[in-house]
């Protein structure tokens, strides 16, 4: 399986790691650490040295209850970092955004992938992404970050997530975004209870039946806190357990905070599989 990311064709026959780089003051795990562009670039270089394939740059927190920021502020945060990464590293650069203005600015700065928690649903987002040559990651989220964890209810979470993602793939096709540019993300932790998240993990192979690569972002999330009783920066073991389970079930991209440890997990998995 290959993913078209701007001028790059990425081989996803083995799972790869996406390192999280939040240039925000309020992200749930690392908010405020990488607001300075030089600190952000230094951390990105560290994650690349540890084996990350993607660096995912985010300028607006989407944690439960997060406040929205303007497009101008989001661009101010992410564009200089993307430009520096494109100029000074060989990273594939992802931008974690939903806004069409930010999509255009990030693509112009050198991004390879648009990672949208709203699945390109905001007005103009589909068209903005289609006008680039970037890959797109379509995620499922019930509601908005400020309200998404207020009693989310599903009849069958896997079927409903899969149906929504299929609709977004169809919408992409309608504006000329080819399947070779599309990644799916079931949205672990976005408008879902711990029970919903675990059901998505158990039935992850069902989300692979449409023959599109799947990204999983589970690192340090609150479900792990519920299961283990640990704070976000103490959830490494749980995060690695979920990463291994996701990779074994066929996930192609793992979005994580702890790159080196996750890369080690994937090396061991590949060795056991004989690859």
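Assorted remarks:
- For the chain, built as a Gaussian network whose Cα springs stay under 10 Å, the top-fluctuating residue of 175, 16, 259: 175
- Considering only the chain, percent of DSSP beta bridges that pair antiparallel, nearest 5: 10 percent
- Taking other C-beta atoms within 10 angstrom as a stand-in for reagent exposure, 170, 193, 223 fall in the order 170, 193, 223, fewest first.
- For the chain, built as a Gaussian network whose Cα springs stay under 10 Å, the top-fluctuating residue of 100, 123, 25: 123
- Likely footprinting exposure, 268, 214, 81, fewest C-beta neighbours within 10 Å first: 268, 214, 81
- Cα-projected label distance for residue 174 with residue 210, points at 7 Å along beta-carbon direction, nm: 1.4 nm
Quick note: the coordinates plus some simple rules give every number you see, no bench work behind them. Since the structure is predicted, the reported quantities are computational estimates derived from the model, not experimental observations. All Cβ positions, even for glycine, are placed from backbone atoms using ideal geometry, and neighbour counts span all protein chains on display.
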